[in-house]
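Here is the structure we will look at, set down as structure tokens.
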Amino acid sequence: MIPGSGKTTACNGLQQFFGLTKRPTAVINLDPANDGLPYQCDVDIAELITLDDVMTEYNLGPNGGLIYCMEYLEKNMDWLLGRLEDVKDKYLVFDCPGQVELYTHNNAMRSILQTLEKHDFRLCIVHMVDAHLCTDPSKYISSLLLSLKTMLHLSQPHINVLSKIDLIQTYGKLAFNIDFYTEVQDLNYLLEGLNNDSGATDRFRKLNAAVCELVEEFGIVGYTTLCVEDKASVKRLVDGLDRANGYFGKDDEEGSMLWSIGSSNYLKYFEEIQDIQERYIGPELNNVDEMQAE
């Protein structure tokens, strides 16, 4: 299940990657606002309902229309379950709507996931967050709260992803090394910068502190990174997915050339982070571990 920023591009990239690694895959479009899909779609919610039709018939805006569509799908799960029978022997990638409300407080998506789970689908949520949010402390803190709320609301195996990591430098420089943001390290260092802002009010400072404390108390939010054009980056995401949903590759998949290369070059976590830092961000910046040691 892939909601968030860059979700459709990620689905397209995964379909191409799985084609190279010989993993039988089907992509399911559950986003009624999607048109001009870049990937081969095996099941499309447009067969059941479209956003344009809902907006026209019920005079709704895009947000209200998307909620209506997903609640309609929730009431018509027999249609989806029937269509999934046609691809039951494949690895399924779901392209989900990007609207935040569907994953934070509306119950339609949670109900859809629970129904799929009851029919023995092993699920994993891949929540895509635009990496450029890391360049702005307040936006990064907001993304942490969104990721936490989504994890708690959906209650499924979950991977948070900083998408478009290769473009992060075009939005500004990071204050810390990338591992600070992926590991969600000591957020007090971000608070210092926010609190020193001349426009920050006492209420704003208290709100930021409360959000950071909440995220750190739960201690469950972390991120991996993704550059969909980089096979090694996609491989790292796929490894995480397979661990989360218990997938074991078949013999022909494990024997494919690309899969063998990816496995033989598999980097340990800290080496992966160092590689991301060097390739997409540049020289090392502030290191929190060293700052804490001083």
Report task. Kindly indicate whether L102 is under 20 Å from L152 (Cβ atoms), open to solvent by less than 60 Å² (accessible area, probe 1.4 Å) and modelled with pLDDT of 95 or more. Result -> yes
**Report entry** Filter result for the condition that a residue is in contact with a Leu (Cβ under 9 Å, 6 or more places away or on another chain) and closer than 22 Å to I159 by Cα, over L14, L48, L20
**Finding:** L14
Report summary line: Picking from L123, L116, L92, the residue that is open to solvent by less than 60 Å² (accessible area, probe 1.4 Å), under 23 Å from G240 (Cα atoms) and part of a loop (DSSP other than H, G, I, E, B) would be L123
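Residue under question is A108, and the condition is that it be crowded, with 20+ Cβ neighbours inside 10 Å and under 28 Å from C212 (Cβ atoms); does it hold?
Taking the combined requirement at face value, the residue does not satisfy it.
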Requested in this report: Please work out which one of (1) assigned to a loop (DSSP other than H, G, I, E, B); (2) modelled with pLDDT of 95 or more is the condition E74 fails and give its number.
Outcome: (1)
Report summary line: The residue that is nearest to the chain's Cα centre (by Cα), considering only those in region 136-148 that are assigned to a helix (DSSP H, G or I) and closer than 14 Å to L191 by Cα, is L144
Query - Hits in region 133-171 (condition: more than 22 Å from H105 (Cβ to Cβ), open to solvent by 10 Å² or more (accessible area, probe 1.4 Å) and touching a Cys at 6+ places or on another chain (Cβ under 9 Å)) - result: K164, D166, L167, Y171
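The values are calculated or read from the model by the stated rules, or taken from the named source; none is laboratory data. Quick caveat: nothing in here was measured; it's all calculated off a predicted structure. In this analysis, Cβ positions are derived from the backbone assuming ideal geometry, glycine residues included, and neighbour counts consider all displayed protein chains. Protein only, heavy atoms only, side chains kept; ligands, DNA and RNA dropped before computing areas. Shrake-Rupley method; radii C 1.70, N 1.55, O 1.52, S 1.80 Å.
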